[in-house]
Amino acid sequence: MNVPQPDMPRMQMWFDFASPYSYLAIERIEDLAREAGVRVELRPFLLGPIFQAQGWNDTPFRLFPGKGAYMMRDIVRLADKYGVIYRRPRLFPRMSVLPARIALMGQDESWGRDFCLAVFRANFQHDLDIQAEDVVHDLLRDLALDADALIARAKTEAVKESLRRQVDRARNLGLFGAPTFFVGDEMFWGNDRLEDALEWAQQGPAAARATARVAASA
């Protein structure tokens, strides 16, 4: 992986591990960002509280069955288009609080992206229960990380509160779905806006400085 340079334009990707569109985006983003010369910062959060604040007691996939059926087919088509392995989970959407806490702990660490990819693939390639502690333990161990220590830390009140604050930041930024990309104050929603967000980030130092202001406020 190329080492990001300090003066590279930056972009944030906000995602939920239960989101299949987030999975498609994260599988594509590294190569596209490298080609564009953009540094991507991953920002995990939970969509559930966002939906609840909008008065929804379930995922839109189930609240709107016709739309949900279309989106399920759309994901299959897109995965085939991108050459991304996709297996629809037997349980959808899956809870992902534990991996979200650990991803938040690692969002600015060297292992963070690899862990996020491993969780997404466990869910959308291998149909594993990503909320299960033994599954998360195996994913961390496979990355040569201290699984026991990271899981123990994820259970602390400090990390639980950090994730709650992350969800509050997402809400304050106006997020309503995942994935959502930010270049400065400019928001791009959806896997199909990934290329647009990268192009916007390429506009130069002004975009990079604006993104830095958003990052500092978060």
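The values are calculated or read from the model by the stated rules, or taken from the named source; none is laboratory data. Keep in mind that this is a model prediction, so the values were computed, not measured. All Cβ positions, even for glycine, are placed from backbone atoms using ideal geometry, and neighbour counts span all protein chains on display. Side chains are part of the model used for accessible areas, which takes the heavy atoms of the whole protein and leaves out ligands, DNA and RNA. Shrake-Rupley method; radii C 1.70, N 1.55, O 1.52, S 1.80 Å.
On the protein heavy atoms, probe 1.4 angstrom, tell me the percent of accessible surface of the chain carried by carbon and sulfur.
Its accessible area is 51 percent carbon and sulfur atoms.
What FRET efficiency comes out for the pair Asp185/Leu91, r = Cβ-Cβ distance, R0 = 30 Å, nearest 0.05?
Efficiency, rounded to the nearest 0.05: 0.25.
Taking R0 as 30 Å, what FRET efficiency do you get between Tyr70 and Arg193 from their Cβ-Cβ distance, rounded to the nearest 0.05?
With a Förster radius of 30 Å, E is 0.95.
Would you calculate the separation in nanometres between label points at Ser162 and Gln52, each defined as 7 Å from the Cα along the Cα-to-beta-carbon direction?
My value for the distance between the label points is 2.2 nm.
In square nanometres, what is one fourth of the surface area of the convex hull spanned by the alpha carbons of the range 62-185?
Computing the convex hull of the Cα atoms and averaging its projections yields 9.1 nm².
Report the net charge of residues surrounding Trp14, where surrounding means a beta-carbon distance below 12 angstrom and charges are Lys +1, Arg +1, Asp -1, Glu -1.
+1
Over the chain, average the accessible area per residue using a 1.4 Å probe and give it in Å², no decimals.
Counting only protein heavy atoms, the per-residue value for the chain is 50 Å².
Mind checking the full-extension length gain between Asp142 and Asn172? Use 0.36 nm per residue of separation minus the Cα-Cα distance, one decimal, nm.
Full extension from Asp142 to Asn172 adds 7.3 nm.
State the extension gain, in nm to one decimal, for the chain segment bounded by Trp111 and Asp31, taking 0.36 nm per residue of separation less the distance between their alpha-carbons. Don't skip to the answer; put the middle values down first.
On the way: separation 80, 0.36 × 80 = 28.80 nm, distance 1.76 nm.
Stretched out fully, the Trp111 to Asp31 stretch lengthens by 27.0 nm.
Just for the Cα atoms in the range 11-128, what are the lengths along the principal axes, largest first, rounded to whole Å?
Extents along the principal axes: 39, 32, 25 Å.
Please list log₁₀ I(q)/I(0) at q = 0.12, 0.14 Å⁻¹ for the chain, using the Debye equation with identical point scatterers on the alpha-carbon positions.
Result of the Debye calculation: -0.62, -0.87.
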